[in-house]
Amino acid sequence: MRHTWIITKRELAAYFATPVAFVFIAIFVALSGALNFYIGRFFEKDQASLDTFFSFHPWLYLLLVPAVSMRLWSEERKSGTIEQLLTLPVTTTQAVLGKFIAAWMFCGIALALTAPLWVTVNILGEPDNGAIFVGYVGSFLLAGAFLAIGICMSALTRNQIIAFIAGSVVCFMFTFSGVDMVLNAFRGWMPDTVVETIASFSFISRFQSVTRGVFELRDIVFLGSLTAFWLFATVIFVDARKAA
């Protein structure tokens with residue numbers, strides 16, 4: 001665990017070593033507020049709630065999280081430091097977890113900086129703070145699932161742009177799999193069980209209950225299992241690179 005924490009601190013410090021981290025956080029916070037107050041018509045709804053705020057998070061993560069994860073392994077491969085990293089007394093699993101935790105903490109910091117919105121709705125009304133807390137927890141877990149996919153894509157290439165595009169595409173598939181437009185393409189010629197299975201992989205479908213302050217155990221298991229699967233795949237890909 002000590003080695004994992006060392007890598008976590010190294011990667012987290014690397015984020016803040018350049019202005020890019022602050023730009024990302026500023027964009028995330030600004031877009032979160034703009035989407036909630038303007039696109040989501042917060043004041044017109046006349047309701048002290050952040051359900052609209054959370055409903056935009058899958059779309060924000062779809063574009064921004066792959067940008068956070070794209071450099072984690074591709075930069076190591078491009079600079080050649082991956083060989084040095086893997087020759088240290090650190091297992092591949094520890095290295096993958098260290099990088100993932102650092103990126104997840106970075107996303108958590110960005111998410112925490114939207115707390116003024118929570119304060120605002122409490123000033124304007126009497127919201128269900130328990131539901132808002134559940135929304136934040138669910139959003140944090142959702143960010144972890146997006147990150148796990150992005151990290152896996154980063155391990156497959158040394159080009160950060162390709163890693164970003166691949167991560168965005170895979171995340172896009174998981175996000176849109178529950179949209180009616182997609183499901184209608186399968187209805188009529190595929191069994192309902194298959195269609196329901198496709199819909200169950202959608203981040204949007206899984207996150208709808210969270211926006212209302214309800215986080216079911218099956219949603220937690222889904223996000224946790226998906227995150228674990230992509231991290232395990234990352235370990236396999238990095239090990240394959242190490243063997244080569």
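The values are calculated or read from the model by the stated rules, or taken from the named source; none is laboratory data. Predicted model, so just to flag it, every value in this text is computed and none were measured. So basically every Cβ, Gly included, is an ideal-geometry build from the backbone, and we count neighbours across all protein chains shown.
Here are a few things to note about the model shown:
- The set of residues from the stretch 69-112 being surrounded by fewer than 18 Cβ atoms within 10 Å (Cβ to Cβ), over 14 Å from the mean Cα position of the chain (by Cα) and modelled with pLDDT of 85 or more comprises 93, 112.
- The one condition in (1) surrounded by 22 or more Cβ atoms within 10 Å (Cβ to Cβ); (2) within 24 Å of residue 214 (Cβ to Cβ); (3) modelled with pLDDT under 80 that residue 39 fails to fulfil: (1)
- Just one of (1) under 30 Å from residue 129 (Cβ atoms); (2) at pLDDT 85 or above fails for residue 13. It is (1).
- Qualifying residues in the stretch 219-235 (those that are more than 15 Å from residue 150 (Cα to Cα), free of Cβ contacts under 8 Å to residues at least 40 places away in the same chain and of a type outside the set (Gly, Ala, Ser)) - the one surrounded by the fewest Cβ atoms within 10 Å (Cβ to Cβ): 221
- Set 156, 147, 141: member being crowded, with 17+ Cβ neighbours inside 10 Å, part of a loop (DSSP other than H, G, I, E, B) and under 19 Å from the mean Cα position of the chain (by Cα): 156
- Residue that is surrounded by the most Cβ atoms within 10 Å (Cβ to Cβ), among those in the stretch 177-218 that are at pLDDT 75 or above and under 15 Å from the mean Cα position of the chain (by Cα): 203
- Taking each residue of the stretch 14-32 that is within 26 Å of residue 118 (Cα to Cα) and looking for partners that are surrounded by 15 or more Cβ atoms within 10 Å (Cβ to Cβ) and of a type in the set (Ser, Thr, Tyr) with beta-carbon atoms closer than 8 Å, six or more apart or interchain, yields 21/15; 28/114; 29/114; 32/114.
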